[in-house]
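Input: a single structure, listed below in structure tokens.
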């Protein structure tokens, strides 16, 4: 490119960035930004058994169960012991159960970095890429933004007016709502393996459109939540939908991708993490973060790298104590989202895989999984009855002899199996 064109391009980008109030980056950051990164293209994001369990209809809580001649109690020690036993062959993990927002039971086992990678034990403050647990964080941010914008009936707003105007819109895109993105019922069926779900993928699926008959049908796609990252910036008004229109086409994509990623990161830090007293989660792997391992003693750990192009769907690196702090603040206070919208968000499965009724009440969970085909980093979060929350992080596949075991199902089955009926004498 001639030097005069390069100068004109930098001036265009600088002028466009100058239109934004709260996002401070320079033109060189935009021009050097890479949307589609090789290490992201080769990763595997697989929900496994979660998809089979997920389509449970949302709705309000059922009426209270009439008094009976028995009550149900959770055998907490056995519940945690069963999870621990199921994971004991794995490379390393943390299991932490809180009640009333306070530590209750926990297990820490193995290495975050094995000896060949510098020896670092697992601990409650060690961060790992939590993969799709990031979607639950995104759902909190979107719910807060929707309420702040005064949009009617939380989540029912069509997405089309908040998409970049320069994007081509295919058939029935005007029928998709924000709630349908947040519940994987948007009708988007492309992006079969749920990766890469980057900015280019977003544009492609919106241009392709959806079948009207598919809207409302559950299909787990990461791109639903990377789209939420873009919508967060436009719903809040930080990035106008017609922003950066004068730029050269390829530069527009780079600018939108980088700006919406940085805005998402800042919005979550200010409005989700800070109210919970959390400071430090990142979209990129840092040296102290847990590495992922395969079932192979002595194998080098895998660093899944900078995943910021997938912000919204994946990418957050958090510790168990940070995830629990956010969950507890979300559930018990108005600091992130008012209590009633927070309960509605769980009941309507915004950023949640499963909502299942047990004898003790409703269980809500979200799983996350990220792999290079052998090493894996995964986690699960649970909102449990009796004012409990549980988070498990594991830096390997689950079960050397049962590689297809799903972490969320493993924890749920351990919970359900340790609910016991206790007879009660009625007057």
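The values are calculated or read from the model by the stated rules, or taken from the named source; none is laboratory data. Because the structure is predicted, anything quoted here is derived from the model rather than measured. Heads up, the Cβs are rebuilt from the backbone with ideal geometry, glycines too, and the neighbour counts pull from every protein chain shown.
Numbers at a glance
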| item | result |
| --- | --- |
| Any hit, segment 143-151, residues being part of a helix (DSSP H, G or I), under 26 Å from residue 334 (Cα atoms), within 16 Å of the chain's Cα centre (by Cα) and in contact (Cβ under 8 Å) with a residue 60 or more places away in the chain | yes |
| Of the criteria (1) surrounded by fewer than 24 Cβ atoms within 10 Å (Cβ to Cβ); (2) in contact with a strand residue (DSSP E or B) (Cβ under 9 Å, 6 or more places away or on another chain); (3) more than 27 Å from residue 121 (Cα to Cα), which one residue 341 fails | (2) |
| Residues of segment 27-42 classified as modelled with pLDDT of 75 or more and either in contact with a strand residue (DSSP E or B) (Cβ under 9 Å, 6 or more places away or on another chain) or surrounded by fewer than 12 Cβ atoms within 10 Å (Cβ to Cβ) (or both), total | 2 |
| Set 409, 374: member being farther than 23 Å from residue 272 by Cα and assigned to a helix (DSSP H, G or I) | 409 |
| Conditions (1) farther than 30 Å from residue 11 by Cα; (2) not in a helix (DSSP H, G or I); number of the one not met by residue 269 | (2) |
| Odd one out for residue 148 among (1) under 24 Å from residue 259 (Cβ atoms); (2) surrounded by 19 or more Cβ atoms within 10 Å (Cβ to Cβ) | (2) |
| Some residue of segment 156-175 being buried (at least 20 other Cβ atoms within 10 Å of the Cβ) and either in contact with a strand residue (DSSP E or B) (Cβ under 8 Å, 6 or more places away or on another chain) or within 21 Å of residue 349 (Cα to Cα) (or both) | yes |
| Residues located in segment 333-347, provided they are assigned to a loop (DSSP other than H, G, I, E, B) and under 16 Å from residue 155 (Cα atoms) | 337, 338 |
| Residue in segment 272-298 that is nearest to residue 229 (Cα to Cα), counting only those that are part of a loop (DSSP other than H, G, I, E, B) and touching a strand residue (DSSP E or B) at 6+ places or on another chain (Cβ under 6 Å) | 283 |
| Residue 176, sole failed condition from (1) at pLDDT 95 or above; (2) out of contact with any helix residue (DSSP H, G or I) (no Cβ under 8 Å at 6 or more places or on another chain) | (2) |
| Residue pairs meeting the criteria (Cβ under 6 Å; at least 6 apart or on separate chains; first touching a residue at least 40 places away in the same chain (Cβ under 8 Å) and on the phi > 0 side of the Ramachandran plot, in segment 159-172; second crowded, with 20+ Cβ neighbours inside 10 Å and assigned to a loop (DSSP other than H, G, I, E, B)) | 172/210 |
| Among the residues listed as 244, 197, 233, the single one being at pLDDT below 95, under 21 Å from the mean Cα position of the chain (by Cα) and crowded, with 22+ Cβ neighbours inside 10 Å | 197 |
| Listing of strands (runs of 3 or more DSSP E) fully contained in segment 53-142 that carry 3 or more residues being surrounded by 15 or more Cβ atoms within 10 Å (Cβ to Cβ) and modelled with pLDDT of 95 or more | 92-99, 102-113, 127-129 |
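Residue by residue, here is whether (1) crowded, with 24+ Cβ neighbours inside 10 Å; (2) free of Cβ contacts under 8 Å to residues at least 60 places away in the same chain; (3) closer than 30 Å to residue 116 by Cα holds:
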position: 305; (1), (2), (3): no, no, yes
position: 316; (1), (2), (3): yes, no, yes
position: 321; (1), (2), (3): no, no, yes
position: 330; (1), (2), (3): yes, no, no
position: 333; (1), (2), (3): no, yes, no
position: 337; (1), (2), (3): yes, no, no
position: 347; (1), (2), (3): no, no, no
position: 354; (1), (2), (3): no, no, no
position: 362; (1), (2), (3): no, no, no
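Per-residue answers, yes or no, for (1) surrounded by fewer than 24 Cβ atoms within 10 Å (Cβ to Cβ); (2) at pLDDT 90 or above; (3) touching a strand residue (DSSP E or B) at 6+ places or on another chain (Cβ under 9 Å):
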| position | (1), (2), (3) |
| --- | --- |
| 357 | yes, yes, yes |
| 369 | no, yes, yes |
| 377 | no, yes, yes |
| 382 | yes, yes, yes |
| 402 | yes, no, no |
| 411 | no, yes, yes |
